[in-house]
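Report on one structure; see the data block that follows.
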Amino acid sequence: MFGSLGGPELILIFIIALLIFGPRKLPEMGRMIGKSLAEFKKAAFDFRRTLESEVEEEAKGLKEAKRSLIEVGEELKATLRDATRDYEKGLTEELERSESEKKGGNGRAG
């Protein structure tokens, strides 16, 4: 918004601050600003770490849910495969039984 501050601008700000607060208050104000900046940086770091931790936790949960869904899908595939095989086997047996009855019935009548 203000662009970058160069050397002359910083000197002007320092002189104005010196005139407003005086030479005794300026070091104290500098320390307060330094402490405030340090606390802000620490809070920002803690927030970032907490946020990353939460995102990582959610990602783990999603991976576990995905793995569970894949397992359920594989179980369903196996169940359907077995049911289809059993159904086909029953149909084949029924067809063979029906054909043998037809052959047996034709042989008796002839």
Additional length obtainable on full extension of the chain from Lys103 to Asp82, 0.36 nm per residue less Cα span: 4.4 nm
P(r) of region 19-110 over all Cα-Cα pairs, binned every 5 Å from zero, in whole percent: 2, 10, 6, 8, 6, 6, 6, 5, 6, 4, 5, 4, 4, 4, 3, 3, 3, 2, 3, 2, 2, 2, 1, 1, 1, 0
Simple spin-label estimate for Lys89 and Val72 in nanometres, 7 Å along Cα-Cβ: 2.8 nm
Rg and Dmax of region 1-40, Cα atoms only, in Å: 11.8, 32
Inter-probe distance in nm under a simple model that places probes 7 Å from Cα toward Cβ, at Ala65 and Leu10: 5.0 nm
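Throughout, read-outs are computed from the coordinates displayed, never taken from laboratory work. Since the model is a prediction, treat every value here as computed from it, not as a measurement. A quick note on method: Cβ atoms are made from the backbone with ideal geometry, for glycine too, and the neighbour counts reach across all protein chains shown.
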